[in-house]
Structure formats: C-alpha cells, structure tokens
Amino acid sequence: MGSIQALRGTRDILPDEIRYWQQIESVARDILGKSAYQEIRTPVFEQTTLFERGIGEATDVVGKEMYTFKDRGDRSITLRPEGTAGVVRAFIEHNLAAQGAVQRLWYGGPMFRYERPQAGRQRQFHQIGVEVLGSPSPRADAEVIAIATDILQTLGLKNLNLNLNSIGDPDDRQRYRDALIAYLTPYKSDLDADSQDRLTRNPLRILDSKDERTQDILKQAPSILDHLGSDSQARFEQVKHLLASLGIAYTLNSRLVRGLDYYTHTVFEVQSSDLGAQATVCAGGRYDGLVAELGGATTPAVGWAIGLERLVILLQQLQTLPTSAIDFYLISKGDQAEAQALGLAQTLRQSGFTVEMDLSGSAFKKQFGRADRSGAAGCFILGDAEAASQTVKLKWLASGEETAIAQTDLPSQIDDLRQQINAFRTHR
Ligand code: ATP
Ligand code: MG
C-alpha cells in the first residue's frame with residue numbers, strides 16, 4: 001500500500017521554513033499591538049449561510065471555491081474561505097459594539113478555498129487580517145493601509161505597489177453597473193465565457209478578467225471614478241490626501257474591484273513585482289454594508305487581509321534565516337550520568353539557554369560529532385567519572401577549550417556562560 005500524502009493544495013510547513021512564518025507573525029503582532037488592535041479568534045468552520053450572505057452568492061468564492069459539506073447532524077457547514085464574515089458574525093453575536101465606539105480587531109489563521117493550486121495559491125492557505133468596525137472616517141481607511149504598509153516594509157519587502165480605487169456606495173455602483181452593461185453588451189460575444197456569464201450576474205467582476213481580448217474591450221469602458229456621487233468623490237479625495245500626507249505612494253486603478261460583494265468606497269490591493277502571476281499580497285477595503293447584511297446594526301467598517309504564503313515566498317527570496325540557535329548540546333553516557341544530564345538540561349533551560357540533549361547513549365565520539373554539527377556554542381559532557389564526582393565538563397566548540405565545573409557551582413556561573421554565548425553569537 002502506498003504511503004499517505006498531504007492533500008493537493010495543502011502543504012506541510014517544515015522546521016526549515018517555520019522561521020519565516022514566525023518572523024511575519026511576530027512583526028504583525030508587534031505592529032498591530034502598538035496600533036491598539038486586539039486579536040480575535042473565530043471558528044474555522046461556520047454555517048454555510050454566513051458566507052453566502054456575507055460574501056455574496058455571485059462571487060467566485062461562494063460560487064466555486066467553498067469547502068461545503070453536511071455534518072453528521074445534516075447541517076450545511078463551510079470551512080471559512082476568508083476571515084471577515086466570521087469576525088463580523090462574532091462582533092454582532094457578542095455585541096462588541098457596546099464595548100466602545102470603534103472596535104479594532106485582527107485575526108490570523110488558515111482559510112480554505114477549492115482553487116487550482118499553483119505557486120502562491122493553495123486550498124488551505126493562511127491570512128492575517130484586520131477589521132476596524134464602527135468608524136466611517138477616511139482616517140480609518142488610511143490607518144489600516146498605513147498598518148499594512150508598515151508590516152510589509154518592516155519585513156523588508158521591496159517592489160511593492162499599492163493599487164487604490166473607490167467603488168462608491170451602492171447607488172454609485174448601480175449607476176456604474178448600468179453604464180458598464182450598456183457599454184459591454186454590444187461586445188458580448190467577444191468576451192471570454194466567464195465574463196459573458198458575469199455580464200448580468202456580477203458585471204463589475206469583468207474588470208478583473210485576465211483574458212486579453214476582454215481587457216482590450218475594457219480599455220474604452222466607462223470608469224467607476226466618473227460615476228461616483230459628490231459625497232463618495234469627496235470621501236475618496238480625503239483618503240488620497242491622507243495617504244499622500246503619510247508619504248504612502250499609490251497607483252490609482254479604476255479597474256480594481258474586489259472579489260467579494262460587500263465592499264463600498266475604498267478598495268485597495270498591494271502587489272509585488274517579485275511574485276509572478278499570484279502577485280497580490282494584501283487586499284482590502286471598506287465594507288459599510290456587511291454588518292447590517294448579517295443582521296447587525298448598520299456599522300461602517302474597513303479592513304484587509306494579507307496572504308502569508310506569498311509573503312513567505314518573498315522573504316525566502318530576500319534572506320536566509322537560521323533554522324535554530326542552540327546554545328548548548330548535552331552529551332552523556334552511563335545510567336547515573338544520563339539521569340544527571342536530564343536535570344542539568346532543565347537547570348540550563350530555566351536559566352534561559354536553548355539546550356539540546358543527546359538521547360542516543362552511543363559512544364562519546366559519535367555524540368561529539370552530533371554536538372559539532374548542531375551548531376551549538378558549547379557542549380556539556382557527563383560520563384561515569386563526572387557523575388561520580390558530581391561535576392560536568394564544558395567544551396566550547398569553537399576554541400576547543402575545556403573546563404570542569406562542579407554541578408552545584410553551575411547556578412553561580414550562569415552570567416558568565418551567557419556572556420560567552422553572546423560573544424560566540426556576535427563573532428559568528
Ligand atoms: P486572488 O486574486 O489572488 O485570488 P483574492 O482576491 O481571491 O486573491 P482575497 O480574498 O482578497 O484574495 O484574499 C486576500 C489575500 O489572501 C490575497 O491577496 C492573497 O495574498 C491571499 N490569498 C487568497 N487566496 C489565496 C490562495 N488560494 N492561496 C494563497 N493565498 C491566497
Ligand atoms: Mg481568489
């Protein structure tokens with residue numbers, strides 16, 4: 001029988017890659033914490049209706065990409081394809097609005113979409129996202145964009161481009177929708193099949209068609225920016241002004257419409273030119289209609305989601321991170337020595353050192369070989385002689401220098417050991 005493999009579109013994140021994930025997570029956590037965003041964790045599966053209502057039935061995500069199944073109680077369940085719907089459900093369910101005028105929330109975790117897997121596109125993928133609920137201010141739009149920019153820049157990413165657009169309010173959009181349908185209908189038979197299908201169901205989505213012929217036809221299409229009412233226009237001017245005053249460069253892209261139905265006004269995407277086809281690393285916008293759509297009081301909101309797989313690809317192109325930094329490798333042989341070594345490892349760990357213990361019980365020579373390969377700064381050695389005299393040998397692996405230490409003296413030597421470790425790290 002063949003061995004079992006991870007499902008198509010899913011992958012294991014192995015230890016040599018995990019540092020990149022941890023780096024992204026720690027940078028994001030730090031910046032979000034300083035921006036007074038609070039973490040929220042919602043379930044990975046929800047009632048299917050939540051996404052149908054929250055994302056919109058005419059979208060690709062709901063129409064084609066959801067992992068939906070019946071559970072044993074015959075309920076229709078869906079693995080979350082994105083984070084916003086669940087956060088908004090929780091916001092309404094727990095009446096978080098009562099806790100303050102503005103809720104600033106962030107989340108992270110796996111999302112699931114049945115898509116064609118390729119570089120930077122998986123069926124289980126990971127996002128970190130923010131949602132600001134309760135503020136209609138253009139400053140909230142600018143704040144979330146600034147935070148995304150800050151996270152990406154702190155990670156050292158280059159060649160990023162912020163695309164910005166406004167899709168107005170539902171009235172603006174209805175007017176634009178009519179204008180777009182009127183423009184495209186004469187070309188209907190020249191559009192790609194998906195776009196023909198979208199012409200009546202979801203015409204704005206035609207703007208993101210990758211088909212060349214369709215894109216050609218779109219060159220002369222009306223622009224949403226010419227269909228914004230004066231309030232929407234003024235609002236968008238403010239967002240642009242705030243971004244400019246923050247020194248955040250952007251490209252106006254009137255073709256940018258997001259895949260999910262709930263967006264209003266500001267929409268944006270950050271793209272990297274170092275990624276090939278799957279170039280978008282962060283996407284978001286304002287969604288003033290969603291909370292009411294899901295049964296809450298009308299609440300203006302804005303947010304984004306960053307796709308972590310794509311950031312990991314970019315970080316790996318930029319830098320190599322060490323997979324581990326072991327301070328001490330501990331080798332021992334003989335019953336008494338091996339037992340004492342366990343205690344010694346605990347003492348060292350409690351003092352803040354990273355300690356790997358050899359469990360093989362093999363000849364010292366072999367254990368030494370592994371100590372050398374471990375990249376540790378020092379090696380503690382416990383054999384029968386050390387066990388009997390309650391001492392331990394310490395060998396600094398770079399210099400070969402060796403000392404014997406009484407086990408009871410170890411706690412008093414911690415500061416000295418730490419200094420030597422630091423010296424080792426800075427000279428490497
Ligand atoms: P795309 O156009 O790449 O399909 P999207 O518009 O469907 O993206 P969003 O729903 O806005 O994406 O999700 C935000 C981000 O999450 C994307 O910009 C991307 O970085 C990431 N993302 C979305 N789908 C996937 C996936 N299947 N695999 C990996 N990352 C993904
Ligand atoms: Mg998609």
To the nearest 20 debye, what charge dipole does the chain have about its Cα centre, counting +1 at the Cβ of each Lys and Arg and -1 at the Cβ of each Asp and Glu?
420 debye
Quote to one decimal, in nm, the extra length available between Ala325 and Ser360 on full extension: 0.36 nm per residue of separation minus the C-alpha distance between them.
10.5 nm
Most to least packed among 3-16, 338-351 [average Cβ atoms within 10 Å]:
338-351, 3-16
Order the peptides 414-425, 126-137, 201-212 from the highest to the lowest mean number of other Cβ atoms within 10 Å of their residues.
126-137, 201-212, 414-425
Between 0 and 90 degrees, rounded to the nearest ten: what's the tilt of helix 308-318 against the longest Cα principal axis of the chain?
60 degrees
Quick check: at a probe of 1.4 Å, how many percent of the accessible area of the chain sits on carbon and sulfur atoms?
49 percent
For the range 66-162, with every protein chain kept in place, what is the accessible area per residue (1.4 Å probe, Å²)?
44 Å²
Label Phe69 and Arg370 with points 7 Å out from Cα along Cα→Cβ: what is the distance between them in nm?
3.9 nm
I want to verify a result. In a Gaussian network model of the chain, Cα cutoff 10 Å, which of these has the top mean-square fluctuation: Ala28, Ala337, Ala249?
Ala337
Which distance in nm do the two modelled labels at Lys219 and Ala292 give, with both placed 7 Å along the Cα-to-Cβ direction?
4.1 nm
Which Rg and Dmax, in Å, describe the Cα atoms of the chain?
28.1, 94
Return one number: the angle in degrees, 0 to 90 and rounded to the nearest 10, between the long axis of the Cα atoms of helix 84-93 and the longest principal axis of the Cα atoms of the chain.
90 degrees
Over the range 250-348, average the accessible area per residue using a 1.4 Å probe and give it in Å², no decimals.
35 Å²
Working out 0.36 nm times the residue gap between Leu318 and Thr403, then minus their Cα-Cα distance, what length gain in nm do you get to one decimal?
26.5 nm
Provide the gained length on full extension for the span Thr200 to Ala36, in nm with one decimal, where the gain is 0.36 nm per separating residue minus the Cα-Cα distance.
54.8 nm
Could you state the angle between the C-alpha long axis of helix 230-245 and the longest principal axis of the C-alpha atoms of the chain, as a value from 0 to 90 degrees rounded to the nearest 10?
30 degrees
Checked against the positive end of the charge dipole of the chain (+1 on Cβ of Lys and Arg, -1 on Cβ of Asp and Glu, about the Cα centre), the farthest of Leu342, Ser360, Ala140 is Ser360
What is the distance in Å between the Cα centroid of the range 187-224 and that of the range 1-80?
30 Å
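The values are calculated or read from the model by the stated rules, or taken from the named source; none is laboratory data. What you see is a predicted model; the values in this text were computed from it and never measured. Heads up, the Cβs are rebuilt from the backbone with ideal geometry, glycines too, and the neighbour counts pull from every protein chain shown. Side chains included, ligands, DNA and RNA excluded: accessible areas come from the protein's heavy atoms. Shrake-Rupley method; radii C 1.70, N 1.55, O 1.52, S 1.80 Å.
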